[in-house]
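Below is one structure, written out as structure tokens, with a few remarks after it.
Here, each number is a calculation from the coordinates, and none is a lab measurement. On a predicted model such as this, the values are computed, not experimentally measured, just so you know. Positions of Cβ are generated from backbone atoms using ideal geometry, with glycine treated the same way; all protein chains shown enter the neighbour counts.
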Amino acid sequence: MKLIFEYEEQTTGYLSDENISIGLPNELIRNELPLPNVSEIEVIRHYTNLSKKNFGVDLGFYPLGSCTMKYNPKINEDVAALEGFRNLHPLSKENCIQGSLQLMWELEQYLKEITGMDTFSLQPAAGAQGELLGLMIAKVYFKQKNKKRAKVIIPDSAHGTNPATAAMCKYETIVIPSDIRGNIDLQKFKQSLNDEIAVVMLTNPNTLGLFEENILEVCDLAHNNGTLMYCDGANMNALLGITRPGDQGFDMIHLNLHKSFSTPHGGGGPGAGVLGVKSFLSDYLPLPRIIKQNNKYIFDNTKEKSVGKIRSFYGNFGMLVRACSYIMSWGSNIRKVSEHAVLNANYLLSLLKEVYDLPYNRKCAHEFVISSEKFGEKSALNIAKRLLDYGFHPPTIYFPLIVQEALMIEPTETESKETLDRFAFVLRSIAHELRENPQVVNGAPYTTPVGRLDEITAARKPNLRWAPPK
Ligand SMILES: *Cc1c(COP(=O)(O)O)cnc(C)c1O
């Protein structure tokens, strides 16, 4: 307040150093503001060049496994940017936003059809939040049945958010190892089932990119034990139109619309981790529900068992628009997405498995995990850095944790054979370099704006300021 008041009292010339010093604390005074004197074209070039220093899916192949941004058709951006959607106010009255409510209602119908679930909540804003909602529902469900069940079973290949979610809900995690085919170890699973197990959280295909071969048996065993089956469906692009988690026996599933259904993500941007459940759990979903009555779409706040809200309003609406647009553009052909994703992954795998090790030698789903362990410690990291020099974004490395020097590769459905061939060629060349001239790989990257960073310092104390050369 003091500052503003003093500024207002100055009638002329208050930007001179002398006068500013009346109101500004010394440490805020900049005597020489080094503003460049530049023309429009120079500004445009500056920002255009800056925008190209970062790697993005519009620049090159981006085969990051698991958390992959799949295909994001630009048309869905246009649809989400339509004025009526973009300017929608979340407090609008039902009768003013019938079209948007219809879109959300119809998206729910599509997701039910795709997954075999009975009801969806579009509220969760991330995969992890969908998981949280799922386990919150499990908590309330068992509490109302007067059952004390305090444990959750999670395989050792699971995504880190699964045990983190269990911990947030104060569940104890029981970790089950994977067997030699990469499935959950059935014997160990049977031994761990007892009346304390509330939920089994499974990813299918799992994070090794492998389909759980015993899924029907796992679900039967869990259900006979009174345990709920939760599916981590963050990455649905191996199953679309081919098989449905609901038919496999899962009671709940979250989908990451921002991975498998078109929304671009990165930098922690907005997401949608929608949660689907079987009918016996529908009443626990967050409010309001959108229902259709007499050809009108209305909010339903009547479900008393609801666990409450998990996020404000209805979730990230823009993501719902993109997902709906994506699903509608495929229609009943959506199976093609998965057929191409699985074909591309298996093609790439076949080109790489001679040169790198394949810990689980099976046909993969939408992604696969190879290991560079034979090239020594930190080789996965070094390969990832070297790929940057060849213009490729590195795959996910060091995950899943059960594979040493893991490289998790997901090509997605839209990459051409030429791109996959080029990527495989480069990975083979890097393997050759590792044998003949490892120091080249270990010092990479050489062509990026900055070379090898101390990643901890870069993350903890980022230096975001450009300093002119002294
Ligand atoms: C990405 C991912 C998650 C977490 O999703 P967020 O939206 O990042 O919270 C959970 N499980 C799997 C298998 C994933 O790939």
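Data table
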item: Cα gyration tensor shape of the chain, rounded if a/c is under 1.5, else prolate or oblate by comparing a/b with b/c; result: oblate
item: The chain, relative contact order [Cα under 8 Å, separation at least 6], %; result: 19 percent
item: Low-density loop cleavage sites - trypsin sites (Lys or Arg not before Pro) in region 120-223, where at most 10 other Cβ are within 10 Å (DSSP); result: Lys145, Lys148, Lys170
item: Residue order, fewest to most surrounding Cβ atoms within 10 angstrom, among Val369, Val140; result: Val140, Val369
item: Amide hydrogen neighbours beyond the local backbone of Gly65, cut-off 5 Å, H modeled; result: Thr396, Met408, Glu410
item: Value at 222 nm in deg cm²/dmol, rounded to 500, when DSSP H runs of n ≥ 4 in the chain each add -39,500 (n - 2.57); result: -11500 deg cm²/dmol
item: Convex hull per residue volume in Å³, alpha carbons only, for region 39-176; result: 222 Å³
item: Cα-based Rg / Dmax (Å) for region 74-332; result: 18.2, 57
item: Estimated distance in nm for a label pair at Gln109 and Lys292, the labels positioned 7 Å out from Cα along Cα-to-Cβ; result: 0.3 nm
item: Rg/Rh for region 335-456, where both radii come from Cα atoms and Rh is the Kirkwood radius; result: 0.97
item: Estimated FRET transfer efficiency (Thr243, Leu24; beta-carbon r; R0 51 Å; 0.05); result: 0.20
item: Amide H within-cut-off set for Ala126, under 5 Å, with H built and near neighbours excluded; result: Gly273
item: Likely footprinting exposure, Leu239, Leu464, Leu358, fewest C-beta neighbours within 10 Å first; result: Leu464, Leu358, Leu239
item: Residue order, fewest to most surrounding Cβ atoms within 10 angstrom, among Thr302, Thr412; result: Thr302, Thr412
item: Under 18 Å from the Lys93 label point (7 Å along Cα→beta-carbon), backbone N, region 282-300; result: 296-300
item: Distance between region 408-470 and region 57-78 - C-alpha centres, whole angstrom; result: 19 Å
item: For region 273-367: rounded, prolate or oblate by the Cα gyration tensor [a/c cutoff 1.5]; result: prolate
item: Net +/- balance of residues flanking Pro63 in space, Cβ distance below 9 Å, scoring K and R +1, D and E -1; result: -3
item: Rel. contact order, % - alpha carbon contacts under 8 angstrom, at least six apart, region 335-456; result: 29 percent
item: Fraction of alpha-carbon pairs over 24 Å apart in region 183-281 - percent; result: 26 percent
item: Where Cα atoms sit under 21 Å apart: lysine pairs in region 335-456 separated by 8 or more or lying on different chains; result: 9
item: Axial C-alpha extent at least 15 Å, average Kyte-Doolittle at least 1.0 - helices from the chain (DSSP); result: 317-330
